[in-house]
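Just so it is clear, none of the values below were taken in a lab; they were calculated from the coordinates. What you are looking at is a predicted structure, and each value in this text was computed from that prediction instead of being measured. Backbone-built Cβ (ideal geometry, glycine too); neighbour counts: all protein chains shown.
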Amino acid sequence: MANEPRPRCPICGKPPQPQTRPFCSPRCAQIDLGRWLSGGYAVPAEPARDEDEEGQD
């Protein structure tokens, strides 16, 4: 277990702080939140199909 990599802040790579884990600071947490809210991150998914198209298969 001594060779396990230590977790790092996903924004800047510094060690995380307990109060803002997994981030190192409130600033990095806010940067990450801003990226989610602006669409910088996205969960991959297939486009939704219209109900009209479902009956045509």
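Side notes on the structure shown:
- Helix-only [θ]222 nm of the chain, DSSP H runs n ≥ 4, -39500 (n - 2.57) each, per residue, nearest 500: -7500 deg cm²/dmol
- Scaled radius of gyration (Cα, divided by 2.2 N^0.38 Å) that the chain gives: 1.86
- Distance in nm between pseudo-label sites at Leu33 and Arg21 (7 Å out along the Cβ direction from Cα): 2.0
- With the simple model of a label 7 Å out from the Cα in the direction of the Cβ, Tyr41 to Arg8 spans 1.7 nm.
- Our summary gives the chain a relative contact order of 19 percent, counting only alpha carbon pairs under 8 angstrom and 6 or more residues apart.
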